[in-house]
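One structure below.
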There are 2 protein chains.
Amino acid sequence: MFGMEPEVLERFTWYMREQSALTVMFHARVAEQMGLSATDEKCLDLAMRADGPLTAGRIADLSGLSTGAVTGVIDRLERAGYVRRVRDPHDRRKVLVEVTPGDLDKLGAPFEKARDSLVEVLGHFDDDELQVIERYLKLQTETFRRRVIDT
Amino acid sequence: MFGMEPEVLERFTWYMREQSALTVMFHARVAEQMGLSATDEKCLDLAMRADGPLTAGRIADLSGLSTGAVTGVIDRLERAGYVRRVRDPHDRRKVLVEVTPGDLDKLGAPFEKARDSLVEVLGHFDDDELQVIERYLKLQTETFRRRVIDT
DNA sequence: ATCAAATGTCTTAGCGGCTAAGATGTTTGG
DNA sequence: CCAAACATCTTAGCCGCTAAGACATTTGAT
(Lines give C-alpha, C1' and ligand atoms only; values in the text may rest on other atoms or scores of the structure.)
Protein backbone atom coordinates (compact mmCIF):
# COMPACT_ATOMS: atom_id res chain seq x y z
CA MET A 1 0.00 0.00 0.00
CA PHE A 2 2.69 2.50 0.98
CA GLY A 3 4.67 1.04 -1.88
CA MET A 4 1.98 1.94 -4.39
CA GLU A 5 3.46 4.05 -7.14
CA PRO A 6 1.69 7.35 -7.66
CA GLU A 7 1.04 6.46 -11.30
CA VAL A 8 -1.28 3.66 -10.28
CA LEU A 9 -3.36 6.09 -8.30
CA GLU A 10 -3.30 8.51 -11.21
CA ARG A 11 -4.58 5.87 -13.58
CA PHE A 12 -7.30 4.69 -11.22
CA THR A 13 -8.39 8.26 -10.65
CA TRP A 14 -8.57 8.75 -14.39
CA TYR A 15 -10.71 5.63 -14.83
CA MET A 16 -13.08 6.77 -12.12
CA ARG A 17 -13.44 10.17 -13.65
CA GLU A 18 -13.97 8.79 -17.10
CA GLN A 19 -16.57 6.33 -15.83
CA SER A 20 -18.20 9.16 -14.01
CA ALA A 21 -18.53 11.31 -17.10
CA LEU A 22 -19.66 8.37 -19.21
CA THR A 23 -22.32 7.52 -16.64
CA VAL A 24 -23.79 10.99 -16.77
CA MET A 25 -23.82 10.77 -20.56
CA PHE A 26 -25.36 7.32 -20.47
CA HIS A 27 -28.21 8.51 -18.30
CA ALA A 28 -28.82 11.41 -20.65
CA ARG A 29 -29.01 9.01 -23.61
CA VAL A 30 -31.31 6.61 -21.82
CA ALA A 31 -33.61 9.45 -20.86
CA GLU A 32 -33.65 10.76 -24.41
CA GLN A 33 -34.53 7.33 -25.80
CA MET A 34 -37.37 7.05 -23.33
CA GLY A 35 -38.69 10.46 -24.26
CA LEU A 36 -37.97 11.78 -20.78
CA SER A 37 -35.89 14.57 -19.33
CA ALA A 38 -32.84 13.64 -17.29
CA THR A 39 -34.73 14.67 -14.17
CA ASP A 40 -37.70 12.47 -14.95
CA GLU A 41 -35.49 9.49 -15.74
CA LYS A 42 -33.58 9.99 -12.51
CA CYS A 43 -36.80 9.91 -10.51
CA LEU A 44 -38.06 6.88 -12.38
CA ASP A 45 -34.76 5.16 -11.63
CA LEU A 46 -35.22 5.93 -7.94
CA ALA A 47 -38.73 4.50 -8.01
CA MET A 48 -37.54 1.37 -9.81
CA ARG A 49 -34.61 0.72 -7.51
CA ALA A 50 -36.66 1.08 -4.33
CA ASP A 51 -38.07 -1.91 -2.49
CA GLY A 52 -41.70 -0.90 -2.44
CA PRO A 53 -43.50 2.05 -4.00
CA LEU A 54 -42.14 5.44 -2.95
CA THR A 55 -44.26 8.37 -1.88
CA ALA A 56 -44.07 11.64 -3.76
CA GLY A 57 -42.39 13.27 -0.78
CA ARG A 58 -39.76 10.55 -0.54
CA ILE A 59 -38.92 11.08 -4.19
CA ALA A 60 -38.51 14.78 -3.46
CA ASP A 61 -36.10 13.95 -0.63
CA LEU A 62 -34.08 11.41 -2.58
CA SER A 63 -33.88 13.47 -5.74
CA GLY A 64 -33.29 16.80 -4.02
CA LEU A 65 -36.18 18.36 -5.93
CA SER A 66 -38.92 20.49 -4.39
CA THR A 67 -42.28 18.85 -3.83
CA GLY A 68 -43.76 21.05 -6.52
CA ALA A 69 -41.23 19.85 -9.05
CA VAL A 70 -41.96 16.25 -8.12
CA THR A 71 -45.64 16.77 -8.80
CA GLY A 72 -44.67 17.73 -12.34
CA VAL A 73 -42.28 14.80 -12.67
CA ILE A 74 -44.96 12.31 -11.64
CA ASP A 75 -47.48 14.00 -13.95
CA ARG A 76 -45.18 13.47 -16.91
CA LEU A 77 -44.15 9.94 -15.94
CA GLU A 78 -47.80 9.03 -15.43
CA ARG A 79 -48.86 10.53 -18.75
CA ALA A 80 -46.07 8.58 -20.45
CA GLY A 81 -47.34 5.40 -18.80
CA TYR A 82 -44.27 4.61 -16.72
CA VAL A 83 -45.90 4.96 -13.31
CA ARG A 84 -49.27 5.52 -11.72
CA ARG A 85 -50.45 7.35 -8.64
CA VAL A 86 -52.08 5.30 -5.89
CA ARG A 87 -53.34 6.94 -2.73
CA ASP A 88 -51.97 5.23 0.35
CA PRO A 89 -55.00 3.58 2.03
CA HIS A 90 -53.37 3.92 5.46
CA ASP A 91 -52.65 7.64 5.12
CA ARG A 92 -54.69 9.24 2.43
CA ARG A 93 -52.50 12.34 2.32
CA LYS A 94 -49.73 10.28 0.78
CA VAL A 95 -49.40 9.42 -2.89
CA LEU A 96 -47.65 6.17 -3.70
CA VAL A 97 -45.85 6.05 -7.02
CA GLU A 98 -46.11 2.57 -8.52
CA VAL A 99 -43.92 1.68 -11.45
CA THR A 100 -46.07 0.14 -14.17
CA PRO A 101 -44.70 -3.41 -14.55
CA GLY A 102 -45.51 -3.84 -18.23
CA ASP A 103 -43.50 -0.86 -19.28
CA LEU A 104 -40.40 -2.07 -17.55
CA ASP A 105 -39.62 -3.75 -20.85
CA LYS A 106 -39.49 -0.59 -22.97
CA LEU A 107 -37.29 0.92 -20.40
CA GLY A 108 -35.21 -2.20 -20.14
CA ALA A 109 -33.87 -1.91 -23.70
CA PRO A 110 -30.87 0.32 -22.98
CA PHE A 111 -30.21 -1.56 -19.76
CA GLU A 112 -30.31 -4.86 -21.65
CA LYS A 113 -27.50 -3.57 -23.82
CA ALA A 114 -25.59 -2.38 -20.78
CA ARG A 115 -26.03 -5.87 -19.39
CA ASP A 116 -24.65 -7.38 -22.58
CA SER A 117 -21.62 -5.11 -22.27
CA LEU A 118 -21.13 -6.27 -18.73
CA VAL A 119 -21.30 -9.93 -19.74
CA GLU A 120 -18.76 -9.27 -22.46
CA VAL A 121 -16.40 -7.58 -20.02
CA LEU A 122 -16.77 -10.22 -17.33
CA GLY A 123 -16.04 -12.91 -19.92
CA HIS A 124 -12.41 -11.85 -19.85
CA PHE A 125 -11.93 -12.95 -16.26
CA ASP A 126 -11.83 -16.30 -14.48
CA ASP A 127 -13.66 -17.07 -11.26
CA ASP A 128 -10.88 -16.03 -8.90
CA GLU A 129 -10.47 -12.75 -10.72
CA LEU A 130 -14.21 -12.13 -10.65
CA GLN A 131 -14.15 -12.55 -6.90
CA VAL A 132 -11.45 -9.91 -6.59
CA ILE A 133 -13.39 -7.57 -8.83
CA GLU A 134 -16.59 -8.09 -6.93
CA ARG A 135 -14.84 -7.44 -3.65
CA TYR A 136 -13.53 -4.23 -5.14
CA LEU A 137 -16.93 -3.15 -6.46
CA LYS A 138 -18.59 -3.88 -3.16
CA LEU A 139 -16.04 -1.92 -1.18
CA GLN A 140 -15.91 0.90 -3.68
CA THR A 141 -19.69 1.25 -3.76
CA GLU A 142 -19.97 1.33 0.02
CA THR A 143 -17.14 3.81 0.41
CA PHE A 144 -18.49 5.97 -2.37
CA ARG A 145 -21.95 5.98 -0.81
CA ARG A 146 -20.59 7.21 2.50
CA ARG A 147 -18.55 9.81 0.65
CA VAL A 148 -21.53 11.07 -1.31
CA ILE A 149 -23.74 11.24 1.74
CA ASP A 150 -21.40 13.48 3.71
CA THR A 151 -20.03 15.52 0.84
CA MET B 1 -17.94 -17.81 -18.60
CA PHE B 2 -20.85 -20.03 -19.64
CA GLY B 3 -20.65 -21.46 -16.19
CA MET B 4 -21.20 -18.07 -14.57
CA GLU B 5 -24.16 -18.24 -12.24
CA PRO B 6 -26.89 -15.72 -12.97
CA GLU B 7 -26.60 -14.35 -9.44
CA VAL B 8 -23.12 -13.05 -10.14
CA LEU B 9 -24.42 -11.09 -13.07
CA GLU B 10 -27.31 -9.85 -10.94
CA ARG B 11 -24.96 -8.61 -8.27
CA PHE B 12 -22.61 -6.95 -10.74
CA THR B 13 -25.56 -5.27 -12.44
CA TRP B 14 -26.73 -3.99 -9.09
CA TYR B 15 -23.29 -2.56 -8.29
CA MET B 16 -23.15 -0.81 -11.64
CA ARG B 17 -26.55 0.68 -11.16
CA GLU B 18 -25.82 1.81 -7.65
CA GLN B 19 -22.51 3.36 -8.74
CA SER B 20 -24.36 5.02 -11.54
CA ALA B 21 -26.92 6.64 -9.27
CA LEU B 22 -24.26 7.61 -6.74
CA THR B 23 -22.20 9.21 -9.47
CA VAL B 24 -25.06 11.41 -10.58
CA MET B 25 -25.63 12.41 -6.97
CA PHE B 26 -21.93 13.06 -6.42
CA HIS B 27 -21.77 15.40 -9.39
CA ALA B 28 -24.81 17.26 -8.11
CA ARG B 29 -23.16 17.71 -4.71
CA VAL B 30 -19.87 18.83 -6.20
CA ALA B 31 -21.66 21.36 -8.36
CA GLU B 32 -23.64 22.66 -5.40
CA GLN B 33 -20.49 23.08 -3.32
CA MET B 34 -18.86 25.01 -6.13
CA GLY B 35 -21.88 27.26 -6.51
CA LEU B 36 -22.54 25.93 -10.00
CA SER B 37 -25.43 24.25 -11.74
CA ALA B 38 -25.01 20.63 -12.77
CA THR B 39 -24.73 21.76 -16.37
CA ASP B 40 -21.96 24.24 -15.60
CA GLU B 41 -20.02 21.72 -13.56
CA LYS B 42 -20.33 19.16 -16.33
CA CYS B 43 -18.86 21.59 -18.85
CA LEU B 44 -16.08 22.57 -16.48
CA ASP B 45 -15.31 18.90 -16.01
CA LEU B 46 -15.07 18.50 -19.78
CA ALA B 47 -12.70 21.45 -20.01
CA MET B 48 -10.56 20.11 -17.19
CA ARG B 49 -10.30 16.60 -18.56
CA ALA B 50 -9.33 17.73 -22.06
CA ASP B 51 -5.73 17.81 -23.22
CA GLY B 52 -5.57 21.44 -24.25
CA PRO B 53 -8.12 24.23 -24.00
CA LEU B 54 -11.43 23.46 -25.70
CA THR B 55 -13.27 25.83 -27.99
CA ALA B 56 -16.79 26.92 -27.13
CA GLY B 57 -18.12 24.92 -30.06
CA ARG B 58 -16.35 21.75 -28.96
CA ILE B 59 -17.90 22.11 -25.53
CA ALA B 60 -21.29 22.38 -27.20
CA ASP B 61 -20.62 19.17 -29.15
CA LEU B 62 -19.31 17.24 -26.17
CA SER B 63 -22.00 18.40 -23.77
CA GLY B 64 -24.88 18.15 -26.20
CA LEU B 65 -25.88 21.74 -25.47
CA SER B 66 -26.68 24.38 -28.08
CA THR B 67 -24.03 26.98 -28.82
CA GLY B 68 -26.23 29.60 -27.23
CA ALA B 69 -26.44 27.65 -24.01
CA VAL B 70 -22.67 27.22 -23.97
CA THR B 71 -22.21 30.97 -24.22
CA GLY B 72 -24.19 31.25 -21.00
CA VAL B 73 -22.25 28.44 -19.36
CA ILE B 74 -18.91 30.07 -20.13
CA ASP B 75 -20.23 33.45 -18.96
CA ARG B 76 -21.11 31.99 -15.58
CA LEU B 77 -17.91 29.95 -15.25
CA GLU B 78 -15.86 32.99 -16.19
CA ARG B 79 -17.71 35.24 -13.75
CA ALA B 80 -17.09 32.65 -11.02
CA GLY B 81 -13.41 32.66 -11.89
CA TYR B 82 -13.10 29.03 -12.98
CA VAL B 83 -12.19 29.69 -16.61
CA ARG B 84 -11.34 32.53 -18.92
CA ARG B 85 -12.00 33.19 -22.57
CA VAL B 86 -8.98 33.49 -24.86
CA ARG B 87 -9.40 34.18 -28.51
CA ASP B 88 -7.52 31.66 -30.64
CA PRO B 89 -4.70 33.65 -32.28
CA HIS B 90 -4.70 31.30 -35.28
CA ASP B 91 -8.43 31.61 -35.92
CA ARG B 92 -9.94 34.61 -34.27
CA ARG B 93 -13.47 33.31 -34.68
CA LYS B 94 -12.78 30.67 -32.08
CA VAL B 95 -12.92 31.13 -28.34
CA LEU B 96 -10.62 28.97 -26.28
CA VAL B 97 -11.80 28.16 -22.80
CA GLU B 98 -8.84 28.00 -20.45
CA VAL B 99 -9.31 26.56 -17.00
CA THR B 100 -7.84 28.96 -14.46
CA PRO B 101 -5.05 27.00 -12.78
CA GLY B 102 -5.21 28.71 -9.41
CA ASP B 103 -8.81 27.80 -8.88
CA LEU B 104 -8.19 24.16 -9.52
CA ASP B 105 -7.60 23.97 -5.79
CA LYS B 106 -11.03 25.15 -4.70
CA LEU B 107 -12.51 22.77 -7.13
CA GLY B 108 -10.14 20.04 -6.13
CA ALA B 109 -11.53 19.80 -2.60
CA PRO B 110 -14.32 17.31 -3.29
CA PHE B 111 -12.08 15.43 -5.68
CA GLU B 112 -9.35 15.28 -3.06
CA LYS B 113 -11.78 13.51 -0.79
CA ALA B 114 -12.81 11.19 -3.58
CA ARG B 115 -9.13 10.44 -4.07
CA ASP B 116 -8.75 9.66 -0.38
CA SER B 117 -11.66 7.27 -0.66
CA LEU B 118 -9.98 5.60 -3.58
CA VAL B 119 -6.71 5.22 -1.69
CA GLU B 120 -8.59 3.70 1.21
CA VAL B 121 -10.34 1.21 -1.06
CA LEU B 122 -7.20 0.25 -2.95
CA GLY B 123 -5.42 -0.33 0.33
CA HIS B 124 -7.41 -3.52 0.73
CA PHE B 125 -5.76 -5.17 -2.26
CA ASP B 126 -2.29 -6.46 -3.02
CA ASP B 127 -0.39 -5.77 -6.22
CA ASP B 128 -1.65 -8.80 -8.14
CA GLU B 129 -5.22 -7.97 -7.22
CA LEU B 130 -4.74 -4.34 -8.21
CA GLN B 131 -3.59 -5.51 -11.61
CA VAL B 132 -6.77 -7.53 -12.07
CA ILE B 133 -8.89 -4.59 -10.98
CA GLU B 134 -7.10 -2.21 -13.29
CA ARG B 135 -7.54 -4.60 -16.19
CA TYR B 136 -11.23 -4.71 -15.38
CA LEU B 137 -11.57 -0.93 -15.11
CA LYS B 138 -9.75 -0.42 -18.37
CA LEU B 139 -11.89 -2.90 -20.24
CA GLN B 140 -15.09 -1.75 -18.60
CA THR B 141 -14.37 1.89 -19.39
CA GLU B 142 -13.58 1.18 -23.02
CA THR B 143 -16.62 -1.04 -23.47
CA PHE B 144 -18.84 1.45 -21.72
CA ARG B 145 -17.56 4.27 -23.88
CA ARG B 146 -18.42 2.38 -27.05
CA ARG B 147 -21.81 1.54 -25.60
CA VAL B 148 -22.57 5.14 -24.68
CA ILE B 149 -21.49 6.42 -28.06
CA ASP B 150 -23.82 4.19 -30.04
CA THR B 151 -26.71 4.12 -27.59
C1' DA C 1 -65.19 14.49 20.67
C1' DT C 2 -62.97 18.64 19.08
C1' DC C 3 -59.85 21.54 17.18
C1' DA C 4 -55.20 23.42 16.45
C1' DA C 5 -50.95 22.02 14.70
C1' DA C 6 -48.42 19.02 11.82
C1' DT C 7 -48.02 16.57 7.64
C1' DG C 8 -48.24 15.39 2.52
C1' DT C 9 -49.34 16.91 -1.93
C1' DC C 10 -50.75 20.18 -5.25
C1' DT C 11 -51.06 24.93 -7.24
C1' DT C 12 -49.25 29.30 -8.67
C1' DA C 13 -46.09 33.18 -9.64
C1' DG C 14 -41.75 34.35 -10.91
C1' DC C 15 -37.11 33.25 -12.39
C1' DG C 16 -33.51 31.31 -15.04
C1' DG C 17 -31.58 28.20 -18.42
C1' DC C 18 -32.43 25.92 -22.81
C1' DT C 19 -33.43 25.75 -27.88
C1' DA C 20 -33.88 27.74 -32.36
C1' DA C 21 -33.09 31.28 -35.36
C1' DG C 22 -30.70 34.87 -36.84
C1' DA C 23 -26.90 38.65 -36.07
C1' DT C 24 -22.07 39.59 -35.91
C1' DG C 25 -17.39 38.93 -36.81
C1' DT C 26 -13.70 35.94 -39.11
C1' DT C 27 -11.74 32.87 -42.44
C1' DT C 28 -11.50 30.36 -46.82
C1' DG C 29 -11.61 29.55 -51.72
C1' DG C 30 -12.44 30.79 -56.14
C1' DC D 1 -12.10 40.86 -53.69
C1' DC D 2 -16.24 38.82 -52.47
C1' DA D 3 -19.43 35.10 -51.51
C1' DA D 4 -19.93 31.19 -48.78
C1' DA D 5 -18.68 28.77 -44.74
C1' DC D 6 -17.72 28.95 -40.08
C1' DA D 7 -17.61 30.13 -34.81
C1' DT D 8 -19.68 32.57 -31.41
C1' DC D 9 -23.02 35.63 -29.49
C1' DT D 10 -27.74 37.58 -29.06
C1' DT D 11 -32.66 37.33 -28.65
C1' DA D 12 -37.42 35.55 -28.17
C1' DG D 13 -40.14 32.14 -26.42
C1' DC D 14 -40.76 28.02 -23.79
C1' DC D 15 -40.49 24.90 -19.98
C1' DG D 16 -39.08 23.19 -15.55
C1' DC D 17 -37.56 24.65 -11.10
C1' DT D 18 -38.09 26.98 -6.48
C1' DA D 19 -40.65 29.16 -2.90
C1' DA D 20 -44.76 30.16 -0.84
C1' DG D 21 -49.05 29.15 0.21
C1' DA D 22 -53.66 26.38 -0.58
C1' DC D 23 -55.96 22.24 0.29
C1' DA D 24 -56.80 17.76 2.35
C1' DT D 25 -55.75 14.53 5.93
C1' DT D 26 -53.89 12.97 10.25
C1' DT D 27 -52.19 13.59 14.96
C1' DG D 28 -52.21 14.97 19.60
C1' DA D 29 -53.64 17.64 23.39
C1' DT D 30 -57.44 18.86 26.02
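The values are calculated or read from the model by the stated rules, or taken from the named source; none is laboratory data. Since the model is a prediction, treat every value here as computed from it, not as a measurement. Note: ideal-geometry Cβ built from the backbone for every residue, glycine included; neighbour counts use all protein chains shown. Heavy atoms of the whole protein, side chains included, go into the accessibility calculation; ligands, DNA and RNA do not. Shrake-Rupley method; radii C 1.70, N 1.55, O 1.52, S 1.80 Å.
Tabulated results
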{"item": "Helices (runs of 4 or more DSSP H) enclosed by the range A:1-85 - at least 2 residues per element that are at the interface with chain B (Cβ under 8 Å from one of its Cβ atoms) and over 25 Å from residue B:29 (Cβ atoms)", "result": "A:6-33"}
{"item": "Which numbered condition residue B:127 fails, given (1) more than 9 Å from chain A (Cβ to nearest Cβ); (2) loosely packed, with under 13 Cβ neighbours inside 10 Å; (3) of a type outside the set (A, V, I, L, M)", "result": "(1)"}
{"item": "Residue A:29 being more than 10 Å from DNA strand C (Cβ to nearest atom), open to solvent by 20 Å² or more (accessible area, probe 1.4 Å) and at pLDDT below 95", "result": "yes"}
{"item": "Residue satisfying all of: in the range A:71-97; open to solvent by less than 50 Å² (accessible area, probe 1.4 Å), in contact with a Gly (Cβ under 9 Å, 6 or more places away or on another chain) and within 12 Å of DNA strand D (Cβ to nearest atom); nearest to residue A:148 (Cα to Cα) among these", "result": "A:95"}
{"item": "Residue that is away from DNA strand C (no atom under 14 Å from the Cβ) and farther than 26 Å from residue A:45 by Cβ, where the choices are B:52, B:35", "result": "B:52"}
{"item": "First in the range A:91-103 and closer than 20 Å to residue A:62 by Cα and in contact (Cβ under 8 Å) with a residue 24 or more places away in the chain, second anywhere and assigned to a loop (DSSP other than H, G, I, E, B) and more than 9 Å from DNA strand C (Cβ to nearest atom), Cβ under 7 Å, 6 or more apart", "result": "A:96/A:53; A:97/A:53; A:98/A:53; A:99/A:82"}
{"item": "Neighbours by Cβ (under 6 Å, 6+ apart or cross-chain): first from the range B:41-70, open to solvent by less than 70 Å² (accessible area, probe 1.4 Å); second basic (Lys, Arg)", "result": "B:55/B:94"}
{"item": "Members of the range A:139-151 found to be at the interface with chain B (Cβ under 7 Å from one of its Cβ atoms) and either assigned to a helix (DSSP H, G or I) or modelled with pLDDT of 95 or more (or both), listed by number", "result": "A:139, A:140, A:141, A:143, A:144, A:145, A:147, A:148"}
